[in-house]
Amino acid sequence: MFTGIELFGFNLPFWAIFLIGIIAIIIIWKLVKFALKLLLILVIFFIILIGLDYFDVFGWIENLFSGIISY
């Protein structure tokens, strides 16, 4: 009677295989969720940078510091 899978000389029952599969799915889901959050943060960061560059905030800061240094 087949009660599991033999792997490296050990007989793993079906419940252990099922448990390992559930744990792997949970870990993979957490990694995907983390990657999506990181991607969202990076996209928002770059959108803010593009907006600041569009309104020439960095040029204003550069002129401010060059004016302070030249005195």
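The numbers here are math on the coordinates, done by the rules we state, and not lab data. Just so you know, these numbers come straight off a predicted model, no measurement behind them. Here the Cβ positions follow ideal geometry from the backbone for every residue, glycine too, while neighbour counts run over all protein chains shown.
I need the phi-derived Karplus couplings for the stretch 55-63: 6.51 cos²θ - 1.76 cosθ + 1.60, θ = phi - 60°, integer Hz, Gly and Pro marked x.
For the stretch 55-63, the Karplus curve yields 8, 6, 5, 5, x, 5, 5, 4, 5 Hz.
Could you check the simple spin-label distance between Asn11 and Tyr54, using points 7 Å along Cα→Cβ, in nm with one decimal?
Going from the Asn11 label point to the Tyr54 one covers 6.7 nm.
Helix 14-54 against the longest principal axis of the chain: what's the angle in degrees, Cα atoms only, rounded to the nearest 10?
Orientation of helix 14-54: about 10 degrees from the principal axis.
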